[in-house]
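Structure first, commentary second.
The values are calculated or read from the model by the stated rules, or taken from the named source; none is laboratory data. A quick note: this is a predicted structure, and the numbers were derived from the prediction, not measured. Cβ coordinates were reconstructed from backbone atoms using ideal geometry, including for glycine residues, and neighbour counts include every protein chain displayed.
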Amino acid sequence: MISIGDKAPEFNLTIDGGAQFALSDAAGKNLVLYFYPKDDTPGCTKEAIGFSEQLENFNANNAVILGVSRDTVKKHDKFICKYGLHIHLISDEDGSLCEAFGTLVEKQMYGKTYMGIERATFLINSQGEIAHIWRKVKVPGHVEDVLATVTALNS
């Protein structure tokens with residue numbers, strides 16, 4: 001399990017639009033890596049819109065925002081277009097990034113057990129270390145909490 005102070009796991013995955021994004025691409029910046037279950041569902045949509053609306057404030061605090069789900073790049077592109085999102089989304093189809101951050105968990109719905117993504121956010125500082133972790137995230141107020149923490153990190 002990842003803890004505060006640990007070095008963030010290296011990754012290089014495809015984001016919306018088909019480009020690649022590696023952890024090293026955020027070198028010298030704070031990286032907000034938020035994991036969410038699925039594109040175009042109510043909670044995930046609210047969270048993505050919230051981060052998009054605050055993107056300018058995150059940018060002012062030297063922070064990059066990346067959402068992560070197991071959806072395809074094509075689904076991410078549709079999701080971004082449908083809601084006019086301004087953030088990038090990582091396609092983690094094989095779940096390797098979710099595994100590395102411990103967000104792939106056993107879930108239950110309608111009596112069936114399956115592996116799904118736990119809504120969680122990780123703040124990685126400009127040195128590539130885990131600076132803050134939010135697990136079992138509730139969407140209301142979360143973006144504001146993350147922004148306040150990023151702002152405090154820059155103070």
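Values computed for the structure shown
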{"read-out": "Selection from the stretch 109-127 of residues that are assigned to a strand (DSSP E or B), more than 20 Å from His142 (Cα to Cα) and touching a strand residue (DSSP E or B) at 6+ places or on another chain (Cβ under 8 Å)", "value": "Thr113, Tyr114, Met115, Gly116"}
{"read-out": "Tabulated pairs, the stretch 49-77, first closer than 20 Å to Gly128 by Cα and assigned to a helix (DSSP H, G or I), second of a type in the set (A, V, I, L, M, F, W, C) and modelled with pLDDT of 95 or more, C-beta under 7 angstrom, 6+ apart or interchain", "value": "Phe58/Val32; Phe58/Ile65; Phe58/Leu147; Phe58/Val150"}
{"read-out": "Gly28 vs. criteria on the phi > 0 side of the Ramachandran plot and either at pLDDT 95 or above or of a type outside the set (A, V, I, L, M) (or both)", "value": "yes"}
{"read-out": "Asp145 farther than 14 Å from Val32 by Cα, among the acidic types (Asp, Glu), out of contact with any Ser or Thr (no Cβ under 6 Å at 6 or more places or on another chain) and at pLDDT 95 or above", "value": "no"}
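Okay, residues lined up against (1) under 13 Å from the mean Cα position of the chain (by Cα); (2) over 18 Å from Gly141 (Cα atoms); (3) acidic (Asp, Glu); (4) surrounded by 14 or more Cβ atoms within 10 Å (Cβ to Cβ):
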| position | (1), (2), (3), (4) |
| --- | --- |
| Glu10 | no, yes, yes, no |
| Gly18 | no, yes, no, no |
| Ser24 | no, yes, no, no |
| Asp39 | yes, yes, yes, yes |
| Asn61 | no, yes, no, yes |
| Ile65 | yes, no, no, yes |
| Lys78 | no, yes, no, yes |
| Gly84 | no, yes, no, no |
